[in-house]
1. Tally up the carbon and sulfur contribution to the accessible surface of the range 30-79 as a whole percent, 1.4 Å probe, everything protein left in place.
2. Per 0.36 nm of contour for each residue apart, how much would the distance between N113 and V97 grow if the chain were fully extended, relative to their Cα-Cα spacing?
3. Using θ = phi - 60° and the Karplus relation 6.51 cos²θ - 1.76 cosθ + 1.60, list the HN-Hα couplings for the range 88-103 in order, rounded to whole Hz, with x at every Gly or Pro.
4. List the residues whose amide H sits under 5 Å from the amide H of N113, counting only those 5 or more places along or on another chain, with H placed 1.01 Å from N in the peptide plane.
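The values are calculated or read from the model by the stated rules, or taken from the named source; none is laboratory data. From a predicted model like this one, the values you see are computed outputs, not experimental measurements. These accessible areas exclude ligands, DNA and RNA; they are computed on the full protein's heavy atoms, side chains included. Shrake-Rupley method; radii C 1.70, N 1.55, O 1.52, S 1.80 Å.
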Amino acid sequence: MAGAMKAAFLVFLVGLVSTKTCLGQDCENVPIDLQACAVIFYLNNLGTNGPSPACCESLSQIQALQATLGTNMTCFCTQAEVGFIINGGIDPKLSIVLLNACGVNIDFGITGNDPCDV
């Protein structure tokens with residue numbers, strides 16, 4: 001119960017963030033929204049049921065954006081989004097497991113700290 005309340009509070013805090021900027025890249029108009037994955041990031045595991053369909057859909061949208069915006073811009077904005085959700089980012093192993101669980105194939109991780117010079 002306490003974990004669910006912490007996760008709900010975290011999602012509330014994320015909603016307060018209005019500007020997404022990472023390394024000089026303006027991501028305000030880039031539609032990356034990983035709030036559906038916030039509980040996974042906060043708990044640092046997939047849980048017993050794995051990622052929600054909404055989380056996987058959010059990750060699939062990143063894959064589609066990579067094809068239209070390019071890898072670097074999509075990477076910068078994804079890292080900014082993850083960084084806003086959980087300060088310090090997420091475990092690189094969790095990033096890989098989550099992407100694989102959702103069947104998403106992108107050219108960078110979603111740790112919040114991945115290099116974007118790909």
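1. Accessible surface attributable to carbon and sulfur in the range 30-79 totals 56 percent.
2. Stretched fully, the N113-V97 segment lengthens by 4.1 nm.
3. x, x, 10, 4, x, 5, 5, 4, 5, 4, 5, 4, 5, 4, 8, x
4. Residues meeting the amide H criterion: I90.
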